[in-house]
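So that we are looking at the same thing, I have put the structure below in structure tokens.
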Amino acid sequence: MDRSRQRIISIMKVVLKAFLSAQTLLQTASFLSPSVLSSARRLPSSVALSSSIGTMTAHTEVNAFIDDTNTSYERLHRAFELQFWGTKMALSGPQYSTEELTRTKSEMEAFLADESKLAKTRELLKIVPADSHHAKTLKMLERTFRCYIMESEEAKALRGEAMKIEGQLEAARNKLSLGAVIDGKFEEMSSVGLRNKVRVDPDENVRKACYEGLTKIGDFVTENGFVELVKVRNRMAKALGYLDFYDYKVTNAEGFGKIALFEILDTLEKGTRPIMEAARKRFAEENGGDDALEPWNLSFKMAGDVTRRMDPYFPFSKSVEMWGRSFAAMNIGYRGATMDLDLLDRKGKYSNGFCHWPQPAWVKSDGSFQPSVTHFTSLADPSAVGSGYTGLTTLMHEAGHAAHFSNIEMPSPLFSQERSPTSVAYAELQSMFLDSLVGDADWMAKYAISKDGEAIPWDLIADKIKATHPYKVFALRGMIAVPYFEKALYEMPEEDVTAESIKALADTVEKDIQGGLSPRPLLSVPHVLSDEASCYYHGYVLAEMGVHQTREYFLKRDGFIADNPKVGPTITEAYWKPGNSEPFLDLVENLTGSPLAGQAWINMLKQSVEDLLKEEKVAYDKKRAESNADSSCDDIDLNMRIRIVDGDDVLADTAVDGSFLATCNRFENYVQERFMKK
């Protein structure tokens with residue numbers, strides 16, 4: 001009997017050896033944790049063989065499930081994102097429609113809300129080693145499925161109803177004719193154009209008319225479905241057991257609830273309220289009285305003149321080149337990504353910059369890397385004063401998003417998609433850290449260059465610091481006003497939610513949090529309408545806390561950020577590669593060595609103008625000396641293909657033009673021809 005058993009075992013070993021290829025053995029070894037491999041070596045041969053066969057079966061099952069989930073999600077994600085881009089950019093193709101956008105989004109979310117997939121994920125988690133890479137992927141799938149599965153049939157029906165209302169509201173909003181009555185005539189402008197004139201137009205009557213144009217957005221959305229959308233969103237969240245829609249959104253995105261979030265925000269709000277109150281008093285005293293605090297005067301009197309004087313040093317036609325040079329100097333690359341940039345404002349286009357990925361970056365089961373495909377947009381009017389600075393800041397912001405998501409190196413596209421359970425704060429930290437450079441004196445010393453090749457003078461930067469630094473708290477208060485408004489909005493009893501009550505609430509929150517009506521009315525903020533971006537703005541606040549903490553880290557470690565070749569590799573490893581596999585708070589603490597806090601931000605607000613001027617002058621002079629010594633005109637390699645588009649039209653393409661700088665030159669010529677010869 002023993003000999004027969006030994007013979008059978010020997011035969012099975014031979015068969016097994018012949019069956020297993022080198023690749024299969026490698027994959028099996030990778031499936032096992034070190035502890036399992038060590039234990040297997042100590043087992044009797046017959047037991048080890050039986051264990052190996054069982055392990056191979058489990059390994060095959062796990063691989064098949066993960067591979068099928070990855071490829072299916074990738075297909076559904078791509079279909080939705082192409083519709084998202086087509087409808088938001090108002091492309092002319094017949095394949096783009098609000099109905100198709102709703103259908104593809106429903107199909108993607110139905111896939112993510114499949115309860116059988118969650119059950120299978122949990123079943124497989126029981127049979128894989130806890131420290132294996134498969135377990136890491138399965139845990140992320142479990143987190144993702146839990147964000148979308150609605151055990152309540154009522155909630156599912158309400159979710160569908162909310163998506164339908166939102167689609168109709170978005171379609172109506174895209175057709176809204178915005179503008180202002182100037183000199184007795186209606187002048188059509190986008191929300192971006194209106195805000196820009198509020199900031200820089202020297203005529204108070206024009207600024208006031210443009211501010212009033214912005215307030216019309218609130219009238220329109222509350223009369224075209226937003227009231228019902230708020231009610232339906234709240235019913236859905238409460239049917240799922242959440243406090244309200246805000247609690248639902250923040251819990252899925254950040255992993256902690258609304259109460260915990262506002263404990264953090266309340267600390268920041270209370271800590272900066274005295275600074276805000278003192279700043280408003282000082283601002284009125286320095287600018288002729290309380291009239292300076294009117295929403296159409298505040299931004300202009302704070303920096304309108306400086307913005308106009310800085311305008312020649314931020315030509316929008318050079319913005320793509322300056323972004324590329326800046327990122328390349330920091331060793332930031334895009335790992336073979338393809339990027340479509342739709343940068344120019346036009347009628348019918350979505351009124352907010354964004355960056356989305358129809359193709360997420362991820363590592364496939366065969367070890368190959370799938371580069372990302374990125375769509376991002378801004379709303380520049382190159383002929384408008386101040387648009388160059390605003391457009392370049394937006395470009396740096398969205399390009400920061402693109403760099404982040406193109407460098408995620410994880411074994412599923414679900415690690416590198418921007419929706420729950422990806423933290424809003426985590427996503428925004430990357431882009432806001434990089435766009436913060438545009439305001440630094442050393443960055444401007446090299447990249448704020450006029451069309452004639454002249455660098456921005458120090459005296460102008462000094463004037464900007466004097467005009468804006470004492471009042472930077474206004475931006476913080478404007479940022480936290482959005483989450484405080486949405487918190488209060490979704491806490492209103494349903495019977496009290498009306499068009500008038502929503503508009504009154506927005507005014508109340510602006511006056512309480514910002515000290516007066518805001519130059520950017522809360523109901524003109526596009527985030528509050530969109531499902532993806534609603535109850536999202538707190539992410540900017542948490543991210544800004546992380547920005548100042550991350551800036552503080554680099555300045556202490558290296559002494560500078562602009563053109564620092566260590567920045568790209570550091571944030572790639574610490575922030576980008578993990579994707580959503582690690583909590584936002586852990587990532588910040590792991591890099592900076594300290595838990596996330598608002599102290600670095602508050603310290604910046606408290607710094608005296610005199611001390612800041614001294615620091616920035618030193619940085620400016622050093623960078624100018626370096627720039628004068630560097631005559632390099634080498635091409636820029638960001639390791640990606642770039643297509644600059646304007647709706648359906650392709651304006652420039654690195655694959656056609658041959659290089660990054662050639663594409664920049666084509667875009668620059670296009671802008672000059674279209675906007676500067678009028």
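The values are calculated or read from the model by the stated rules, or taken from the named source; none is laboratory data. What you see is a predicted model; the values in this text were computed from it and never measured. All Cβ positions, even for glycine, are placed from backbone atoms using ideal geometry, and neighbour counts span all protein chains on display.
May I ask you to list the residues in the range 194-230 that are touching a Cys at 6+ places or on another chain (Cβ under 8 Å) and not acidic (Asp, Glu)?
LEU194, ARG195, LYS197, VAL198
Mind counting the residues in the range 112-157 that are closer than 23 Å to THR251 by Cβ and either aromatic (Phe, Trp, Tyr) or in a loop (DSSP other than H, G, I, E, B) (or both)?
So the answer is 8.
If you check ARG551, ARG557, ARG624, which single one turns out to be touching a residue at least 12 places away in the same chain (Cβ under 8 Å), assigned by TED's automatic domain parsing to the domain that holds LEU434, more than 26 Å from the chain's Cα centre (by Cα) and closer than 25 Å to TRP323 by Cβ?
ARG624
Taking ASN639 as meeting all but one of (1) in contact with a strand residue (DSSP E or B) (Cβ under 7 Å, 6 or more places away or on another chain); (2) in contact (Cβ under 8 Å) with a residue 12 or more places away in the chain, write down the number of the exception.
ASN639 satisfies every listed condition except (1).
Being part of a loop (DSSP other than H, G, I, E, B) and under 19 Å from ASN297 (Cβ atoms) is the filter here; which residues of the range 506-535 pass it?
Selection gives GLY515, GLY516, LEU517, SER518, PRO519, ARG520, PRO521.
Given the conditions (1) in contact with a helix residue (DSSP H, G or I) (Cβ under 8 Å, 6 or more places away or on another chain); (2) buried (at least 20 other Cβ atoms within 10 Å of the Cβ), which single one is not true for ALA402?
Unmet for ALA402, out of (1) in contact with a helix residue (DSSP H, G or I) (Cβ under 8 Å, 6 or more places away or on another chain); (2) buried (at least 20 other Cβ atoms within 10 Å of the Cβ): (1).
Does the range 317-330 contain at least one residue that is small (Gly, Ala, Ser), out of contact with any Asp or Glu (no Cβ under 8 Å at 6 or more places or on another chain), closer than 27 Å to SER416 by Cβ and assigned to a helix (DSSP H, G or I)?
yes
Restricting the search to the range 547-577, which residues are surrounded by fewer than 19 Cβ atoms within 10 Å (Cβ to Cβ) and either farther than 16 Å from LEU437 by Cβ or of a type in the set (A, V, I, L, M, F, W, C) (or both)?
Once the filter is applied, which keeps residues that are surrounded by fewer than 19 Cβ atoms within 10 Å (Cβ to Cβ) and either farther than 16 Å from LEU437 by Cβ or of a type in the set (A, V, I, L, M, F, W, C) (or both), the range 547-577 yields LEU555, LYS556, ARG557, PHE560, PRO569, GLU573, ALA574, LYS577.
Testing GLY288 on (1) in contact (Cβ under 8 Å) with a residue 40 or more places away in the chain; (2) of a type in the set (Gly, Ala, Ser); (3) within 30 Å of GLU510 (Cα to Cα), one condition comes back false. Which one is that?
(1)
Report the residue count in the range 302-316 for those that are outside any loop (DSSP other than H, G, I, E, B) and either hydrophobic (A, V, I, L, M, F, W, C) or surrounded by fewer than 20 Cβ atoms within 10 Å (Cβ to Cβ) (or both).
Residues meeting the conditions: 10.
Hey, another quick one. Considering only residues that are surrounded by fewer than 16 Cβ atoms within 10 Å (Cβ to Cβ), over 23 Å from THR69 (Cβ atoms) and either in contact (Cβ under 8 Å) with a residue 60 or more places away in the chain or β-branched (Val, Ile, Thr) (or both), which ones fall in the range 129-163?
SER152, GLU154 - these are the residues of the range 129-163 that are surrounded by fewer than 16 Cβ atoms within 10 Å (Cβ to Cβ), over 23 Å from THR69 (Cβ atoms) and either in contact (Cβ under 8 Å) with a residue 60 or more places away in the chain or β-branched (Val, Ile, Thr) (or both).
Here's another thing I want to ask about it. Looking only at the range 336-363, count how many residues are in contact (Cβ under 8 Å) with a residue 60 or more places away in the chain and in a loop (DSSP other than H, G, I, E, B).
Residues that pass the stated criteria total 10.
Still on this model: Name the residues in the range 408-458 that are under 30 Å from ALA597 (Cα atoms) and of a type in the set (Val, Ile, Thr), would you?
Residues satisfying the conditions are ILE408, THR422, VAL424, VAL438.
Across the range 284-298, what is the number of residues that are part of a helix (DSSP H, G or I) and surrounded by fewer than 20 Cβ atoms within 10 Å (Cβ to Cβ)?
Looking only at that region, the number is 7.
Could you tell me which residue of the range 240-270 is surrounded by the most Cβ atoms within 10 Å (Cβ to Cβ), considering only residues that are of a type in the set (S, T, N, Q) and either in contact with a Pro (Cβ under 7 Å, 6 or more places away or on another chain) or in contact (Cβ under 8 Å) with a residue 40 or more places away in the chain (or both)?
Top of the filtered list is ASN252.
Looking for whichever is surrounded by fewer than 21 Cβ atoms within 10 Å (Cβ to Cβ) and either among the hydroxyl-bearing types (Ser, Thr, Tyr) or modelled with pLDDT under 90 (or both) here; the options are VAL385, VAL363. Which one fits?
VAL385
Would a scan of the range 574-581 turn up a residue that is within 17 Å of the chain's Cα centre (by Cα) and either without any contact (Cβ under 8 Å) to a residue 60 or more places away in the chain or not assigned by TED's automatic domain parsing to the domain that holds TYR334 (or both)?
no
Looking at MET108, MET56 in this structure, which one is at pLDDT 95 or above and either outside the structural domain of ASP649 (by TED's automatic domain parsing) or in a helix (DSSP H, G or I) (or both)?
After ruling out the rest, the residue left standing is MET108.
Condition check: without any contact (Cβ under 8 Å) to a residue 60 or more places away in the chain, more than 28 Å from the chain's Cα centre (by Cα) and surrounded by 12 or more Cβ atoms within 10 Å (Cβ to Cβ). Does ASP653 satisfy that?
no
Can you tell me which of VAL528, VAL509 is buried (at least 19 other Cβ atoms within 10 Å of the Cβ), over 24 Å from LYS606 (Cβ atoms) and at pLDDT below 95?
It is VAL528.
In the range 365-386, which residues are in contact with a helix residue (DSSP H, G or I) (Cβ under 6 Å, 6 or more places away or on another chain) and of a type outside the set (A, V, I, L, M, F, W, C)?
SER365, SER372, THR374, HIS375, SER378, ASP381, PRO382, SER383, GLY386
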